[in-house]
Amino acid sequence: MAFVRYADEDQAPSIVRTIFEALRKQRGQVQNSQRVLAHNPEVLRASGPFVGAVGRENALPNRIKELAILKVMLINGCQYCLSHHYQAAVAAGVSMEEMRALYDFEESPLFSEKDRAAFAYAEEITVNNRRMRPSVKDRLKAALTDAEIVDLTLACGVFNFLNRFMHCLEIGRDTDVPDELVQMLEATLGPAELVASRS
């Protein structure tokens with residue numbers, strides 16, 4: 001049960017009903033997160049196009065972007081976002097083996113240096129955005145173009161926000177996620193634990 005109630009479509013303002021109708025036509029359902037966002041109709045209206053633009057393949061290949069987003073979600077422990085982005089990752093060609101390898105991405109032969117630099121940066125944004133380690137930024141700069149760095153930073157920043165939004169408001173999953181990924185999420189160190197493990 002969410003911390004706040006899901007918007008009741010029958011009692012919602014006309015703008016919310018119109019947005020919900022468009023979402024149903026486009027995606028086949030109105031997600032629980034959208035039912036919570038409906039309490040702020042202007043944000044509900046703006047969030048879909050913005051998050052969609054961030055999530056589309058832009059400068060950075062979607063495979064890398066989706067894996068970086070999954071890394072953020074695993075660290076933040078967000079089952080809700082994980083359930084939606086598991087499907088997006090599969091659509092981007094990510095294998096379950098690659099998802100499993102995120103746990104120890106630095107050692108995995110499945111990933112290139114470009115992949116590893118992106119995942120290290122995603123981890124750094126999630127655990128230490130105030131005082132990012134120069135070595136992580138230097139490594140990223142050597143592996144990605146400026147446009148790819150902006151694309152990756154947008155994706156990681158947006159999904160860090162969304163993970164926190166879902167957690168704080170206790171929004172329940174509305175799609176399935178493989179049990180194996182849920183177990184990975186539960187086994188992944190959170191931001192404070194990751195920072196502590198570096199000292």
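Here, each number is a calculation from the coordinates, and none is a lab measurement. The structure displayed is predicted, hence computed values, not measured ones. Positions of Cβ are generated from backbone atoms using ideal geometry, with glycine treated the same way; all protein chains shown enter the neighbour counts.
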Calculate the length of the line joining the C-alpha centroid of the stretch 67-105 to that of the stretch 133-151, in whole Å. 21 Å
Mind grabbing the base-10 log of I(q)/I(0) for the stretch 62-198 at q = 0.11, 0.12, 0.20 Å⁻¹? Debye formula, identical points on the C-alpha positions, no solvent, two decimal places. -0.35, -0.42, -1.26
Qualifying GluC sites (Glu not before Pro) in the stretch 66-137, DSSP loop, other Cβ atoms within 10 Å at most 12: 106, 107
Based on DSSP H runs of at least 4 residues, each adding -39500 (n - 2.57), what is the mean residue ellipticity at 222 nm of the chain after dividing by all its residues, to the nearest 500 deg cm²/dmol? -21000 deg cm²/dmol
For the chain, longest principal axis from Cα atoms; helix 14-27 axis from its Cα atoms; angle between them, nearest 10 degrees, is 50 degrees
Taking Cα pairs under 8 Å and at least six residues apart, what relative contact order does the stretch 62-198 come out at, in percent? 43 percent
Rounded to 10°, Cα long-axis angle of helix 113-128 versus longest principal axis of the chain: 60 degrees
To make sure I understand the rule: partners must be lysines, Cα under 28 Å from the Cα of residue 114, and not fewer than 8 residues away in the same chain. Which ones qualify? 65, 71, 137, 141
Relative contact order of the stretch 65-122, defined on C-alpha pairs under 8 angstrom at six or more residues apart (%): 44 percent
Starting from the stretch 17-117, pick out the trypsin sites (Lys or Arg not before Pro) whose DSSP state is loop and whose Cβ has at most 12 other Cβ atoms within 10 Å. 56
So if R0 is 30 Å, what FRET efficiency would residue 192 and residue 100 give, r being the distance between their Cβ atoms, rounded to the nearest 0.05? 0.80
Residue exposure sequence - 78, 168 - by fewest surrounding Cβ within 10 Å: 168, 78
Per-pair calculated FRET efficiency, R0 = 22 Å: residue 137 and residue 110 via Cβ, rounded to 0.05: 0.40
With Cβ to Cβ distances under 14 Å as the rule, what net charge do the other residues near residue 190 carry (K, R +1; D, E -1)? 0
So which cysteines in the chain don't have a second cysteine's C-beta under 4.7 Å from them? 156, 168
